[in-house]
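Asks: I am attaching a structure below and will ask some questions about it afterwards.
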Amino acid sequence: METKIISGTEISTAIKDELKDELERLSITPTLAVVLVGDNQASKVYVSNKEKACHQIGIKSMSYTLPADSTQEDVLDLIEVLNADKNVDGILVQLPLPAHIDEHKVIQAIDETKDVDGFHLKNVGALLVGTDGFVSCTPAGIIELLKRSNIDVAGKKCVIVGRSNIVGKPMCQLLLRENATVVMCHSYTPSLKEETQQADIVVVATGKRNIVTGDMIKPGAVVIDVGINRDENGKLCGDVDFNSCQGIASWITPVPGGVGPMTIAMLMQNCVRAAKQRRI
Ligand code: GUN
């Protein structure tokens with residue numbers, strides 16, 4: 001079987017173009033406040049990519065970089081100012097935060113109508129019960145990848161590997177909403193292979209390189225790789241052994257160029273939505 005590549009790069013470009021057109025039509029310039037605490041190198045790259053995307057589509061990004069030794073109060077004070085600022089549509093606090101800061105407290109301090117990451121309990125709860133709210137960008141981007149590749153989810157068996165709050169758990173809710181049968185796997189799952197071999201769609205988000213290999217995949221399955229790791233040569237790679245899935249999977253997302261760019265496209269979509277809700 002020929003394994004087709006799902007290009008997140010192409011699909012995210014199409015989405016960003018649509019959003020750019022929409023903002024021009026509406027004549028609005030949303031504002032996103034991006035908060036970075038400390039100097040985590042990966043976080044700096046992610047934040048810079050998000051700001052680049054804002055610039056491309058016509059969103060104003062305001063960057064707030066706080067030193068690593070900032071106190072929790074410093075961060076909460078900034079959030080309070082951004083919450084009150086009528087010109088700010090979206091607030092993004094890049095995670096992880098330095099260990100001495102309570103991530104949960106900071107996220108819950110964000111006004112839920114500006115929570116473009118979809119991490120606030122009100123937005124998490126809305127997803128759970130199926131009411132309107134902001135949805136975490138990476139799982140939202142995966143649904144969009146499947147839809148725009150005409151991959152049907154209803155009635156399919158989906159296996160999610162990894163149960164994080166940012167990806168695995170919201171992914172489960174979104175797939176349920178699309179009428180899939182969902183199995184959650186994690187580090188306590190006795191035989192991961194037994195589970196993944198039964199899946200029509202596998203979503204892997206563990207941060208562990210090569211945790212899923214071709215022999216763990218049912219022929220014809222769709223493989224979505226959320227991981228971003230580096231191999232022994234320093235080259236970017238995912239959680240899935242891409243090469244061993246060739247000829248077995250029907251579709252697969254590459255790393256880089258798969259899920260990553262979709263996370264940013266969905267962040268842009270959430271910012272546009274936040275601005276529309278505030279201004280129109
Ligand atoms: N760190 C890793 N992924 C994310 C994300 O989607 N949003 C934020 N704010 N931080 C992250």
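The values are calculated or read from the model by the stated rules, or taken from the named source; none is laboratory data. Predicted model, so just to flag it, every value in this text is computed and none were measured. Heads up, the Cβs are rebuilt from the backbone with ideal geometry, glycines too, and the neighbour counts pull from every protein chain shown. Side chains are part of the model used for accessible areas, which takes the heavy atoms of the whole protein and leaves out ligands, DNA and RNA. Shrake-Rupley method; radii C 1.70, N 1.55, O 1.52, S 1.80 Å.
Asks: What residue, of Ile151, Ile160, Ile166, is over 19 Å from Gln277 (Cβ atoms), within 13 Å of the ligand (Cβ to nearest atom) and aliphatic (A, V, I, L, M)? I'd like the intermediate steps shown before the answer.
Replies: Numbers: Ile151 fails: within 13 Å of the ligand (Cβ to nearest atom); Ile160 fails: within 13 Å of the ligand (Cβ to nearest atom).
Unique residue meeting the criteria: Ile166.
Asks: Going by what's in this entry, would Val106 be described as within 19 Å of Ala265 (Cα to Cα), within 13 Å of the ligand (Cβ to nearest atom) and open to solvent by less than 40 Å² (accessible area, probe 1.4 Å)?
Replies: Taking the combined requirement at face value, the residue does not satisfy it.
Asks: Here's a follow-up. Identify, please: which residue in the range 41-75 is touching a helix residue (DSSP H, G or I) at 6+ places or on another chain (Cβ under 6 Å) and of a type in the set (Gly, Ala, Ser) and is, among those, surrounded by the most Cβ atoms within 10 Å (Cβ to Cβ)?
Replies: By that ranking, first place goes to Ala53.
Asks: Only residues in the range 80-95 that are free of Cβ contacts under 8 Å to residues at least 40 places away in the same chain and farther than 19 Å from Arg273 by Cβ count as the first member; pair them with residues that are outside any loop (DSSP other than H, G, I, E, B) and more than 11 Å from the ligand (Cβ to nearest atom), Cβ under 8 angstrom, at least 6 apart or cross-chain, and list the lot.
Replies: Glu80/Ala109
Asks: Oh, and also: Residues to consider are Gly238, Gly214, Gly258, Gly234; find the one that is more than 23 Å from Lys16 (Cβ to Cβ) and touching an Asp or Glu at 6+ places or on another chain (Cβ under 8 Å).
Replies: Details: Gly238 fails: more than 23 Å from Lys16 (Cβ to Cβ); Gly258 fails: more than 23 Å from Lys16 (Cβ to Cβ); Gly234 fails: touching an Asp or Glu at 6+ places or on another chain (Cβ under 8 Å).
Of the residues listed, the single one that is more than 23 Å from Lys16 (Cβ to Cβ) and touching an Asp or Glu at 6+ places or on another chain (Cβ under 8 Å) is Gly214.
Asks: So, one more: Somewhere in the range 196-208, is a residue open to solvent by 40 Å² or more (accessible area, probe 1.4 Å), in contact with a helix residue (DSSP H, G or I) (Cβ under 9 Å, 6 or more places away or on another chain), over 18 Å from Gly162 (Cβ atoms) and not aliphatic (A, V, I, L, M)?
Replies: no
Asks: Of the residues Leu36, Leu19, Leu26, which single one is surrounded by fewer than 18 Cβ atoms within 10 Å (Cβ to Cβ), among the aliphatic types (A, V, I, L, M) and either within 16 Å of the ligand (Cβ to nearest atom) or at pLDDT 95 or above (or both)?
Replies: The conditions single out Leu26.
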